[in-house]
Amino acid sequence: MTHKTLGILGGGQLGRMSAQAAEKLGIQTVIFTPEPDSPASQVAQETIVANYTDEDALSVFSEKVDVISYEFENIPVETIKYLKTLKPVYPDERLLEVAQDRVKEKSFLNSIKIDTARWATPETPADIEKTLTEWGAASCILKTTRFGYDGKGQWRVSNTSEIETVWIEIDNQPVIMEEIVDFDFEISVIVARDKDGHMEFYGPALNTHKNHILHKSTVPAPVSSALADKALQMTGTLARSVDLRGVLALELFVTKDGTLLANEIAPRTHNSGHWSIDSCAVSQFENHVRAVCGLPVLPPGRHSDCEMINLIGEDINHLESYRRDKNACIHLYGKHDVKPGRKMGHVTILKEKNDVRKG
Ligand code: AMP
């Protein structure tokens, strides 16, 4: 049975692009977000503005929809558990729990034999120094285990005084310490998996960052087919292990000797897959809606190579050259206030397809 009304928790651009994809399939969307006039609510049929912990509002939301998904990983797991008593929610909270906490994430990845950078859970500055000595490393990265994004909650430290200064800033939040990976480049793979366990893949995309925020994704990534296949296989293993229904992304480091190390899981559609709207017959958003609503996921059918460039903050004021480029596909997210670091939109530049991959 195909669900006819999709509820989406979160009102950002990922919800917006999912709602646009749903509309093409004749599926209505209702957004639940604490934010008035959100990017997603501008294109959805209806929006409920309330906090994620407001059970009365969540009940009203659940009555309006057939099935629920989320576009944002910091939704409280309790919210998903509550909604699950009322309507089906995909992906379920297992994936969300893992993706919300860097220690659970790394432990889970390692438990399913997906390699990551070496990591430890220091409780004191002395633990950090001791682990650095054990690793024979001069420095490491400290990350808060929860709520870090776009480089926030992240510090590189190398000596006692840096460690002690950062420790004060961390202020008793739980942290993970990671070995610094001397990577050649960063890639990501997106997988869509439906109720029958069928999977379709996007990427790998090559990702470059500016000020810790994704700047550009290039498809195809310049990697051998053996390495691309390995990245897809790792992502597929992850999707099967959490019995995914929907879309997830896996971010990976490619080391100088060609080893793949997983860095982060996104339990949702991902910025590094936005190119799929214009370069594929079936985008990551459409396949997400399909999977959640009980339809089969379809092959992406990528018809173009491409580059996706994020429009961050003031970049939005420089659209003129893209408007004159026949290969540029512009997407704006309907955000009124331009702020530094804020994702205002993206542009996908289409190029002739030169490789044989489908996604
Ligand atoms: P994250 O929030 O974990 O995705 O990290 C943000 C960015 O920091 C990554 O995209 C990398 O560029 C860099 N980074 C994170 N962890 C490491 C690591 N262990 N070694 C080297 N660079 C890292």
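General remarks:
- Phi angles of region 124-130 translate, via the Karplus equation with coefficients 6.51, -1.76, 1.60 and θ = phi - 60°, into HN-Hα couplings of 9, x, 5, 4, 5, 5, 5 Hz per residue; Gly and Pro are given as x.
- Straight-distance crosslink candidates among lysines, where the alpha carbon sits under 19 Å from Lys113 and sequence neighbours closer than 8 are dropped: Lys104, Lys230
- Orientation-averaged projected area, Cα convex hull of the chain (nm²): 18.1 nm²
- Mean projected area in nm² (Cα convex hull; one quarter of hull surface) for region 91-164: 5.8 nm²
- Shown for region 5-89: the carbon plus sulfur share of the solvent-accessible area, taken with all protein chains present and a 1.4 angstrom probe, equals 46%.
- Accessible surface of region 183-351 [probe 1.4 Å, protein heavy atoms]: carbon and sulfur percent: 51 percent
- At R0 = 22 Å, FRET efficiency that the Cβ-Cβ distance of His198 and Lys353 yields, to 0.05: 0.35
- Surface composition of region 118-179: carbon plus sulfur atoms contribute 49% of the solvent-accessible area (1.4 Å probe, protein chains only, all chains present).
- Where region 226-359 is the region considered: accessible area per residue in Å², 1.4 Å probe: 39 Å²
- Our analysis of region 125-257 gives Rg over Rh at 1.04, with the two radii drawn from alpha carbon positions and Rh computed by the Kirkwood formula.
- With protein chains left intact and a 1.4 Å probe, residues in region 26-68 average 44 Å² of accessible area per residue.
- Near the amide H of Asn263, within less than 5 Å, lie the amide hydrogens of Glu251, Leu252, Phe253, all on another chain or at least 5 residues away, with H placed in the peptide plane.
- Evaluated on region 183-351, the Kirkwood hydrodynamic radius is 16.4 Å, with distances taken between all distinct Cα atoms.
- With protein chains left intact and a 1.4 Å probe, residues in region 94-135 average 50 Å² of accessible area per residue.
- Most mobile listed residue (Ile277, Ile170, Ile75) in the chain, GNM with C-alpha springs under 10 Å: Ile170
- Per-residue ³J(HN,Hα) for region 164-174, Karplus 6.51 cos²θ - 1.76 cosθ + 1.60, θ = phi - 60°, Hz, x for Gly and Pro: 5, 5, 5, 4, 5, 5, 5, 6, 6, 6, x
- Over all Cα atoms in region 1-134, the spread is summed up by Rg and Dmax: 18.6, 59 Å.
- Taking amide hydrogens as placed 1.01 Å from N in the peptide plane, the amide H of Cys306 sits under 5 Å from those of Val219, Lys351, each at least 5 positions away in sequence or on another chain.
- Centroid-to-centroid, using Cα positions, region 82-147 and region 280-333 are 30 Å apart.
The values are calculated or read from the model by the stated rules, or taken from the named source; none is laboratory data. Values in this document were obtained by computation on a predicted structure and should not be read as measured data. Heads up, the Cβs are rebuilt from the backbone with ideal geometry, glycines too, and the neighbour counts pull from every protein chain shown. Protein only, heavy atoms only, side chains kept; ligands, DNA and RNA dropped before computing areas. Shrake-Rupley method; radii C 1.70, N 1.55, O 1.52, S 1.80 Å.
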